[in-house]
1. Could you give every pair whose Cβ atoms fall below 6 Å, whose first residue belongs to segment 185-197 and is open to solvent by 70 Å² or more (accessible area, probe 1.4 Å), and whose second residue is part of a loop (DSSP other than H, G, I, E, B), counting only separations of at least 6 or pairs across chains?
2. Taking segment 188-203, which residues are touching a helix residue (DSSP H, G or I) at 6+ places or on another chain (Cβ under 9 Å) and either modelled with pLDDT under 95 or not hydrophobic (A, V, I, L, M, F, W, C) (or both)?
3. Just to be sure I understand the filter: pairs with C-beta atoms under 9 Å, separated by 6 or more residues or on different chains, first member in segment 63-86 and open to solvent by 30 Å² or more (accessible area, probe 1.4 Å), second member hydroxyl-bearing (S, T, Y) and part of a helix (DSSP H, G or I). Which pairs pass?
4. Of (1) without any contact (Cβ under 8 Å) to a residue 40 or more places away in the chain; (2) open to solvent by 20 Å² or more (accessible area, probe 1.4 Å), A18 satisfies all except one. Which?
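The values are calculated or read from the model by the stated rules, or taken from the named source; none is laboratory data. Not measured: the values here are computed from a predicted model. Cβ placement follows ideal geometry from the backbone for every residue including glycine, while neighbour counts extend to all protein chains displayed. Just so you know, the surface numbers come from the protein's heavy atoms only, side chains and all, with ligands and any DNA or RNA stripped out. Shrake-Rupley method; radii C 1.70, N 1.55, O 1.52, S 1.80 Å.
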Amino acid sequence: MKLVFAGTPEVAVPALDALIASDRHEVAAVVTRPDAPAGRGRRLVASPVAERAEEAGIEVLKPARPRDEDFLARLREIGPDCCPVVAYGALLPKTTLDVPARGWVNLHFSLLPAWRGAAPVQHAIMAGDEVTGASTFLIEEGLDSGPVYGVLTEEVRPTDTSGDLLTRLAFAGAGLLVATMDGIEDGTLHAVPQPAEGVTLAPKITVEDAQVQWSAPALRVDRVVRGCTPAPGAWTLFRRERLKVIQAVPVLDRADLAPGELSAAKNNVYVGTGSHAVELLWVQPQGKKPMRAADWARGVRIVHGELLGI
């Protein structure tokens with residue numbers, strides 16, 4: 001089939017690479033979000049998908065909105081049979097969905113109908129799911145509600161951050177997306193409506209969502225830290241400044257600290273929660289680079305009874 005691929009962040013690049021490598025399909029163009037300011041200089045930078053497409057000599061389309069008439073006109077000129085999508089980052093109106101004869105097919109990183117929305121991997125970790133996966137489905141106007149072509153499952157490991165899990169799903173999902181294109185092209189694969197039961201939503205994780213609540217049980221603290229790493233980053237307050245919590249692990253045999261209470265030894269830093277303590281392993285003070293929590297604690301000279309989150 002002739003394809004137009006839509007995607008924006010790094011997590012979409014493995015799928016684009018897999019489609020480019022396929023000997024059954026032609027990636028005629030790529031649709032991605034417009035260049036965005038990045039870094040200290042806030043200069044405009046192309047998306048990872050745009051950079052990869054340009055390296056491969058593929059036409060790149062960067063509409064401000066996917067309903068823009070000039071973009072729609074170019075899409076119709078290309079005449080794609082199907083448009084595979086991975087983390088494009090914009091809602092597609094009906095006028096755009098109607099262009100390819102076989103529709104827009106999304107690779108979504110959950111087992112639909114679980115975790116429909118922008119942050120399925122983060123929510124799966126924060127909810128304590130033991131198994132998640134990826135689904136390919138035909139996009140319709142509802143939120144991730146279209147019929148499903150295929151799925152794969154992936155274990156959520158006890159130490160997984162959302163970055164770890166998303167990386168594995170991106171590469172496994174790339175194969176699923178190519179197989180879905182193959183099945184659509186040869187007529188052996190047909191989309192099945194999602195069940196009405198089991199729908200959960202996964203809205204974007206906000207900075208407020210990522211604030212660690214030390215009154216919660218240690219397992220909840222662990223899940224929030226892992227689910228918000230690397231983005232938006234779990235955080236707390238220390239001496240009225242923001243402290244990013246990069247890695248913290250529950251310590252099941254210590255329950256002598258009040259929620260948020262710090263205890264620092266030579267090589268260990270513990271924080272109380274609503275159950276047992278957690279050990280801080282990596283943190284990032286405001287305006288500084290990530291560092292080992294023990295090094296941070298020596299530098300700030302923690303006072304006995306001092307609290308995080310106040």
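1. Filtered contacts from segment 185-197: E185/M1; V192/P147; P193/P147.
2. Hits for segment 188-203 are T188, H190, T200, P203.
3. So the pair list comes out as R67/T95; R67/T96.
4. For A18, the failing item is (1).
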